[in-house]
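Here is the structure we will look at.
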Amino acid sequence: MNKVMKPTLELKKVSKTFVQGSQKLEVLQGVDLEINQGEIVALVGPSGSGKSTLLQIAGLLEQPGKGEVLLDGQKCGKLGDGLRTALRRDYLGFVYQYHNLLADFDALENVMLPQLIANVHPRDAREKAQWLLNRLGLSKRLKHRPAELSGGEQQRVAIARALANTPKLLLADEPTGNLDPKTSESVFAELLSLVRETGLSALIATHNMELADRMDRTVRLENGKLVDMRASQFISSETKNFY
């Protein structure tokens with residue numbers, strides 16, 4: 001009898017409201033989402049639609065106002081700070097629009113650090129960091145600090161850092177949004193290839209529909225609700241341009 005695999009990520013009826021003065025802004029309204037093992041899902045929507053908020057909630061960095069977040073079937077809503085931190089460290093990888101590398105450390109050290117925090121032996125951490133950076137075309141830049149790297153190289157280091165602890169789920173918020181089109185294409189292709197090669201799941205927010213079309217599925221935030229574009233039979237060019 002085959003074992004039924006639990007989704008890597010489940011969001012169940014997730015809502016989030018922010019208060020601005022006397023007004024309430026409902027950013028997320030009853031969002032449901034499942035991402036299965038090995039599935040790469042694009043998250044699209046206009047600026048201010050709540051994509052970053054959704055990623056923050058999925059990454060256990062924010063609590064939903066209502067609803068539940070499950071990682072590999074485990075309910076996370078009532079976990080204490082220590083357990084949430086451990087889950088972020090061991091289960092999740094994060095890539096942001098800006099690389100957020102540590103300026104005083106070189107590329108190799110930036111990728112080793114999350115492993116050392118997770119009590120990986122320094123020798124093993126170095127080997128894993130070297131493999132990831134080599135895989136991303138940075139074999140000759142291991143000892144360069146962030147200020148000595150181009151924007152594309154910095155983002156490649158950030159991707160390597162996100163994958164250093166072998167997460168099950170990658171959460172990426174406009175990971176190539178700060179790059180020029182040519183560099184963005186190159187970095188995204190390498191990210192997609194590495195994610196597929198390692199078999200992890202991913203939820204990637206992007207404004208670029210050409211990049212979204214290369215993922216397994218696309219979901220769109222619209223008026224606080226999530227619409228699965230897989231169910232749509234036609235997406236107009238005007239819609240693509242909007243996102």
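The values are calculated or read from the model by the stated rules, or taken from the named source; none is laboratory data. Remember, it's a predicted structure, so these values are computed and weren't measured experimentally. Quick reminder, even Gly has a Cβ in these numbers, built from the backbone with ideal geometry, and neighbours come from all protein chains shown. Calculation scope for accessible area: heavy atoms of the full protein, side chains included, ligands and nucleic acids excluded. Shrake-Rupley method; radii C 1.70, N 1.55, O 1.52, S 1.80 Å.
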Given the options 192, 11, 43, state which has the largest fluctuation in a GNM of the chain using a 10 Å cut-off (strictly under) for Cα springs. 192
Normalized C-alpha radius of gyration of region 4-138, against 2.2 N^0.38 Å? 1.23
Go through 166, 53 and list them by solvent-accessible area, largest first, probe radius 1.4 Å. 166, 53
Please name which of 112, 101, 82 has its Cα lying farthest along the dipole of the chain towards the positive end, using unit charges on Cβ (Lys, Arg +1; Asp, Glu -1) and the Cα centre as origin. 82
Is there a quick way to get the dipole size of the chain? I mean about its Cα centre, with the Cβ of Lys and Arg at +1 and of Asp and Glu at -1; what is the value in debye to the nearest 20? 500 debye
Where is the GNM fluctuation largest for the chain (alpha-carbon springs, 10 angstrom cutoff): 199, 50, 93? 199
Report residue 135's accessible area, 1.4 Å probe, all protein chains in place, as a number in Å² to the nearest 10. 70 Å²
Where does the chain land at 222 nm, in deg cm²/dmol rounded to the nearest 500, when only DSSP H runs of n ≥ 4 count, each adding -39500 (n - 2.57), divided by all residues? -10500 deg cm²/dmol
What FRET efficiency do you get for residue 34 and residue 148 if R0 is 41 Å and r is their Cβ-Cβ distance, rounded to the nearest 0.05? 0.45
Among 51/168; 16/128; 51/78, the pairs whose Cα-Cα distance exceeds 30 Å are 16/128
Pair residue 223, residue 63: separation of 7 Å Cα→Cβ label points (nm): 3.0 nm
At 1.4 Å probe size, with no ligands or nucleic acids counted, give the accessible surface of residue 173 in Å², nearest ten. 30 Å²
Just to be sure I understand: if I project the alpha-carbon convex hull of the chain onto a plane and average over all orientations, what area do I get in nm²? 15.6 nm²
Heavy atoms of residue 121: accessible area, 1.4 Å probe, square angstrom to 10: 100 Å²
Accessible area, 1.4 Å probe, largest first: how do 5, 209 sort? 5, 209
Between 66, 140, 16, where does the largest GNM mean-square fluctuation fall for the chain, given springs only between Cα atoms within less than 10 Å? 140
